[in-house]
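Working notes, beginning with the structure itself.
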Amino acid sequence: MLRSLLALVVTAALAGCATGGSGGDVVRIDATSAETAKASYHAMMVGRSEAQQQRLALAVLLLNLEGVNSAYDLVGDDHGSVGPIRNKVAGLSADEIIALSAKVKGPRIEAVQVAPAGR
């Protein structure tokens, strides 16, 4: 447990370093393990606008739901996480993940901007 937590912290720190610097650096999914995939996914979210975060989260959800035919297929999996699809998105950037999700056949999910209450 402690070893995997330490690996997660180190990975998050390294992924965080990849977002800074020259501006040409792109955070990519490290699919070494579910923990490193999740850490690099979280690092990928840092510094993105809310709309960009929603697009990326929806892309990950679509990729997780690919091939799911019933609620029974969903039991026990973390479909909002990059862990279950880490091999599918290994080495991809956020833009590449979003592009890959556009190729998914099946349910279409769209983010809708809701007007604040009182308007």
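The numbers here are math on the coordinates, done by the rules we state, and not lab data. Given the structure is predicted, the values throughout are model-derived calculations rather than measurements. All Cβ positions, glycine included, derive from the backbone under ideal geometry; neighbour counts span all protein chains shown.
Before moving on, here are some points about what is shown:
- Here the extension length gained between Asn69 and Val114 equals 13.3 nm, from 0.36 nm per residue of separation less the Cα-Cα distance.
- Inter-probe distance in nm under a simple model that places probes 7 Å from Cα toward Cβ, at Ala51 and Glu96: 2.5
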